[in-house]
Amino acid sequence: MERKETIFHAATRLFADKGYKETSMSEVAKLTGVAQGTIFYHFKSKEDLFLAILEEFKSNVNDEFEKWVNNHSFSNGLDMLESALDFYLYLASIMEDRFMILYRHDAYELALHNPIFGQYLESIYDHLVDIFEKAIISGRNDGSIADVSPKKNAMLIFTMVDGLVRFNTYKLYDAGTLYDELVKACRKILTQT
């Protein structure tokens, strides 16, 4: 693994574990075994490094979603949505450190002072909500989902599944035990007229 990648992964882990504010570049240097100057050679600043992590997360979400859609066939939009719930839980498990970064308040505080952070965060959430919105649009078109607002209902469903992921991430509750109830709730929301 090249130095830039090593720095990137170490910083991701530290930002996830400690947050942006509490992570110092000297900690990143110590964890990676490189000089701080080497870090600043690859990333202009701590903010630049954090933005690179958010950009990579957004790109990974998009890539994983594309792979998921291309490797699955769905009987209808409702089936796609139910599969998307599984996919989201899977995505959160393989990208747990990046999801933890989203769950920390630091990124949102940074967004108040630097609109670029806000744009990155919004873009990440747009990608995540799109997973559900595309399924709802498909379901409306094939009749498996009622005539509901795709964006609003996608946001509601995202909120439910993401809440379960947060419970799981913080080790408060096993998200898997509520999966069946989540699916039933989504069906009820989307199939009632």
remark   = Full extension between THR177 and SER149 adds, at 0.36 nm per residue less the Cα distance, a length in nm of 7.2 nm
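Can you tally the net charge around THR12? Count Lys and Arg as +1, Asp and Glu as -1, for every other residue whose Cβ sits under 11 Å from the Cβ of THR12.
Details: positive: ARG13, ARG98; negative: GLU5, ASP17, GLU56, GLU96, ASP97.
Summing Lys and Arg as +1 and Asp and Glu as -1 gives -3.
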ask   = Between PHE8, MET25, ALA146, whose Cα lies farthest towards the positive end of the dipole of the chain when Lys and Arg beta carbons carry +1 and Asp and Glu beta carbons carry -1, centred on the Cα centre?
value = MET25
inquiry  = Once you keep just the Cα pairs under 8 angstrom separated by 6 or more residues, what percentage relative contact order results for the range 48-191?
reply    = 28
query = Taking 0.36 nm per residue of separation and subtracting the Cα-Cα distance, what length does fully extending ASN70 through GLU27 add?
reply = 11.4 nm
Accessible-area composition of the chain, carbon plus sulfur, in percent [1.4 Å probe] = 51
key: Residue with peak Gaussian network fluctuation, the chain [Cα springs, cutoff 10 Å], from ALA84, ALA35, ALA146   = ALA35
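Averaged over all directions, how much area does the convex hull of the C-alpha atoms of the range 1-93 cover when projected, in nm²?
Working: hull surface 28.6 nm².
With every direction weighted equally, the projected area is 7.2 nm².
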ask   = Over the chain, with a single point scatterer placed on each C-alpha, what log10 of the ratio I(q)/I(0) does the Debye formula yield at q = 0.09, 0.16, 0.18 1/Å?
value = -0.39, -1.00, -1.17
query = Between ASN141 and ARG13, what is the label-to-label distance in nm when each label sits 7 Å out along the Cα-to-Cβ direction?
reply = 4.3
note = Residue-normalised 222 nm signal for the chain, counting each DSSP H run of n ≥ 4 as -39,500 (n - 2.57), nearest 500 deg cm²/dmol, is -25500 deg cm²/dmol
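What FRET efficiency comes out for ILE189 versus HIS105 if R0 is 35 angstrom and r is the Cβ-Cβ distance? Round to the nearest 0.05. Write down the numbers at each step before the final one.
Values: r = 29 Å, r/R0 = 0.83.
So the FRET efficiency works out to roughly 0.75.
Just the number please: accessible area per residue for the chain, 1.4 Å probe, all protein chains included, in Å². Intermediate values should be presented prior to the final figure.
On the way: 10140 Å² over 193 residues.
Each residue of the chain exposes 53 Å² on average to a 1.4 Å probe.
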request  = For the range 1-43, list log₁₀ I(q)/I(0) at each q in 0.13 Å⁻¹, using the Debye formula over Cα point scatterers of equal strength and ignoring solvent, two decimals each.
outcome  = -0.22
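Report the calculated FRET efficiency for ASP48 and SER93 (r = Cβ-Cβ distance, R0 = 30 Å), to the nearest 0.05. Walk me through the numbers before you get to the answer.
Values: r = 28 Å, r/R0 = 0.95.
Efficiency at R0 = 30 Å is approximately 0.60.
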message = Quick check for me: using +1 on Lys/Arg Cβ and -1 on Asp/Glu Cβ, what's the dipole size of the chain about its Cα centre, in debye to the nearest 20?
response = 320
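Identify the chymotrypsin sites (Phe, Trp or Tyr not before Pro) of the range 114-193 meeting these criteria: DSSP loop state and at most 10 other C-beta atoms within 10 Å of the C-beta. The partial results should precede the final answer.
Numbers: sites: PHE117, TYR120, TYR125, PHE132, PHE158, PHE167, TYR170, TYR173, TYR179; in loops: TYR170, TYR173.
Counting only loop positions with at most 10 other Cβ atoms within 10 Å, the chymotrypsin sites (Phe, Trp or Tyr not before Pro) in the range 114-193 are TYR170.
The values are calculated or read from the model by the stated rules, or taken from the named source; none is laboratory data. All of these numbers come straight from a predicted model, not from anything done at the bench. A quick note on method: Cβ atoms are made from the backbone with ideal geometry, for glycine too, and the neighbour counts reach across all protein chains shown. Keep in mind that these areas ignore ligands, DNA and RNA; they rest on the heavy atoms of the full protein, side chains included. Shrake-Rupley method; radii C 1.70, N 1.55, O 1.52, S 1.80 Å.
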